[in-house]
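Worksheet: the structure to be examined is printed underneath.
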Number of protein chains: 2
Amino acid sequence: MKTLLLDALQCRNKSRPPIWLMRQAGRYMPEYRALRAKHSFLEMCHQPELIAEITQLPIRAFGMDAAILFSDILVIPEALGVGLRFEDGVGPIIERPLNSAQDVAKLLSIDMHDRLNYVVDGIRLLKPTLNVPLIGFCGAPFTMASYMIEGGSSRDLRKTKQWMLSDPTSFHQLMDHLAECAIASLEMQIDAGVQAVQIFESWAGMLACAQLREFSFAYLDKIVKRIGTKVPVILFCRGASSLIPETIKMNPQGISIDWNADLAAVRQIVPPTMAIQGNLDPHVLCAPLHVVRKEAKRLLEEMRGHPGYIFNLGHGITPDVPVDAVKTLIECVQNH
Amino acid sequence: MKTLLLDALQCRNKSRPPIWLMRQAGRYMPEYRALRAKHSFLEMCHQPELIAEITQLPIRAFGMDAAILFSDILVIPEALGVGLRFEDGVGPIIERPLNSAQDVAKLLSIDMHDRLNYVVDGIRLLKPTLNVPLIGFCGAPFTMASYMIEGGSSRDLRKTKQWMLSDPTSFHQLMDHLAECAIASLEMQIDAGVQAVQIFESWAGMLACAQLREFSFAYLDKIVKRIGTKVPVILFCRGASSLIPETIKMNPQGISIDWNADLAAVRQIVPPTMAIQGNLDPHVLCAPLHVVRKEAKRLLEEMRGHPGYIFNLGHGITPDVPVDAVKTLIECVQNH
């Protein structure tokens, strides 16, 4: 078992930094597209054999230093009974979006073992086949809620913000319920064998700081306190780089940084005992290979000697990335 | 003439903070929609009488402490010959997007006096009617380039980034040309009577920090150096809150802060001689009026006693904002 990732999460890595890529099992891979041609995205998330197979694809093809469970942040909302489907070219659709405090009260209680057992089965199939650590994950409560309220992706989270601002009490109830679900889901994943987890607050940048503190960080803090005693937790609050000083206060084992932030400056403010992950702009992977190398080396130099640095992107990899660019990036980091 | 805005830009305001709103003459106003029903958006930008009329609408209706010239950041690209139209429900369309270094070489030289004289005429009509300072503006070079390359709005600026990363030389030529155009346009506006200017780097958040420094800040710095000696310059680098320490180094008279940043924390790092503008989330204006007051007061308290604070939004006002919310906000700030 390669332990680079776990060493880095303890800030004890004396070797080169580990590398994995957000959404590394994705449409940019021909092997993924071949499976996707035969199965719907939800089938791929629901079937343990497919979860195991897809999670391994990028490890086999490129040899990243960690695997991240193939799943989706919306499997929890689905398990709560709001209905989920994916439409090509549109993205996720929540079939029965939440509209009122009554809808929150009607959400299913979280008995994840009944309704997310396929995730556990997938992890159990997968674990014996992996020679790298397995990262589990979930969406943060606010990010999950935004889909459940908007009914899908949204450019401005208008309904979510209106609810949050005009009825904070029921919004807090929703956040609290989702935080418990996130904890239950992560605990299940940990019991099944994941060795670290990442929490995706993908829409943190949509919130003004006061709201982010009240409706996001308060719940992330709770999750980190409960889960961080079991396995290392990486927090990814996308679009909230200006609030890194407050993110740090939640004391996760690692923070994942979006592409906006200057990693050298981040290094100055993050305690030396906290791992830092990021933050290559995934669009760099569509540039000529010499640019891929140049930009990767820039980050490697900025983080040189940091025992907790984890090389990653500042956001998920995009479908248009050429396979050669990923190969080049992985080689560049692993030969550093 | 009310001087609160100009006092604040000199950090010498001992009274309550001035307030104006980005895109304050916009679709949320019934008077604006009535004019828009009779004229295309481009006609509204091109006709001096309409420019003057529309600029005044919000001042008459709400009594903001500053007017911002009604125009669009794309009038410069239009003047450079790439073709511009606006489609309802789509937004701006650049008819002949830039595809290559050759296209950059073919751009018209900037003789703005010939091709933007309607802006000057609009300002001259407008000035005698105003009892508040008039703010001019332009798009930053990178933001203008992004529209010229993408052909319109884009979620990811993919083509722009690819060009920038794979052929930085010609991209720099484009930035240089657009910086000269921005300077020429701002000088014309100043000669015609605007008393301060704001530069909109609306897509700053799309760039990783290394690229932002090289392809955006280098040119903003040049513009600030040339224009800041004439009138106060406000820089708005949207999505780049984590790089405020570097934005400050360009030494603009004011910086406008998007809604993500914590204004109290920003206040700690911005020199006391630099004005700070922002940063209410415009979505707050769609919330109940007591929430509008509460959130406005939060900002007012955070910035209490700062002689350079300018109340504004963290982004342009949206069409769905109720007129009553704007009235409430203005009253709340002006009675503070």
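The values are calculated or read from the model by the stated rules, or taken from the named source; none is laboratory data. A quick note: this is a predicted structure, and the numbers were derived from the prediction, not measured. Every residue, glycine as well, gets a Cβ built from its backbone with ideal geometry; the counts of neighbours run over all protein chains shown. Side chains are part of the model used for accessible areas, which takes the heavy atoms of the whole protein and leaves out ligands, DNA and RNA. Shrake-Rupley method; radii C 1.70, N 1.55, O 1.52, S 1.80 Å.
So here's what we get for this one:
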quantity	calculated
Tally of residues being under 23 Å from residue B:315 (Cα atoms), within 13 Å of another protein chain (Cβ to nearest Cβ) and not small (Gly, Ala, Ser) across segment B:208-247	13
Among the residues listed as B:202, B:216, the single one being touching an Asp or Glu at 6+ places or on another chain (Cβ under 9 Å) and under 26 Å from residue A:265 (Cα atoms)	B:216
Residues being buried (at least 24 other Cβ atoms within 10 Å of the Cβ), within 14 Å of another protein chain (Cβ to nearest Cβ) and touching a Gly at 6+ places or on another chain (Cβ under 9 Å) - total across segment B:159-207	5
Helices (runs of 4 or more DSSP H) enclosed by segment A:233-315 - at least 1 residues per element that are touching an Asp or Glu at 6+ places or on another chain (Cβ under 6 Å) and either aliphatic (A, V, I, L, M) or over 21 Å from residue A:212 (Cβ atoms) (or both)	A:263-269
Selection count where residues are part of a loop (DSSP other than H, G, I, E, B) and surrounded by fewer than 21 Cβ atoms within 10 Å (Cβ to Cβ), scope segment B:23-47	6
Criterion violated by residue B:140 - all others in (1) under 27 Å from residue B:211 (Cα atoms); (2) open to solvent by less than 20 Å² (accessible area, probe 1.4 Å); (3) at pLDDT below 95 satisfied	(3)
In segment B:119-137, the residues that are open to solvent by 10 Å² or more (accessible area, probe 1.4 Å) and closer than 24 Å to residue B:247 by Cβ	B:137
Near pairs, Cβ below 8 angstrom, 6+ apart or cross-chain, from segment A:314-336 (open to solvent by less than 20 Å² (accessible area, probe 1.4 Å)) to any residue that is aromatic (Phe, Trp, Tyr)	A:314/A:259; A:317/A:28; A:321/A:28; A:326/A:28; A:326/A:62; A:330/A:62; A:333/A:311
Subset of segment A:58-74 [touching a helix residue (DSSP H, G or I) at 6+ places or on another chain (Cβ under 6 Å) and open to solvent by 10 Å² or more (accessible area, probe 1.4 Å)]	A:62, A:70, A:71, A:72
Residue satisfying condition, being open to solvent by less than 30 Å² (accessible area, probe 1.4 Å) and either at pLDDT below 95 or within 17 Å of residue B:138 (Cα to Cα) (or both), within set B:254, B:308	B:254
In segment A:262-285, the residues that are surrounded by fewer than 23 Cβ atoms within 10 Å (Cβ to Cβ) and out of contact with any Leu (no Cβ under 8 Å at 6 or more places or on another chain)	A:264, A:265, A:266, A:267, A:268, A:269, A:270, A:271, A:272, A:273, A:274
Among residues of segment A:267-302, those that are within 11 Å of chain B (Cβ to nearest Cβ) and either hydroxyl-bearing (Ser, Thr, Tyr) or within 21 Å of the chain's Cα centre (by Cα) (or both), counted	9
Which listed residue is open to solvent by 10 Å² or more (accessible area, probe 1.4 Å) and in contact with a strand residue (DSSP E or B) (Cβ under 9 Å, 6 or more places away or on another chain), from B:238, B:213	B:238
Members of segment A:143-158 found to be within 17 Å of residue A:208 (Cα to Cα), open to solvent by less than 10 Å² (accessible area, probe 1.4 Å) and within 14 Å of chain B (Cβ to nearest Cβ), listed by number	A:146, A:157
Test result for residue B:228, surrounded by fewer than 18 Cβ atoms within 10 Å (Cβ to Cβ) and in contact (Cβ under 8 Å) with a residue 12 or more places away in the chain	yes
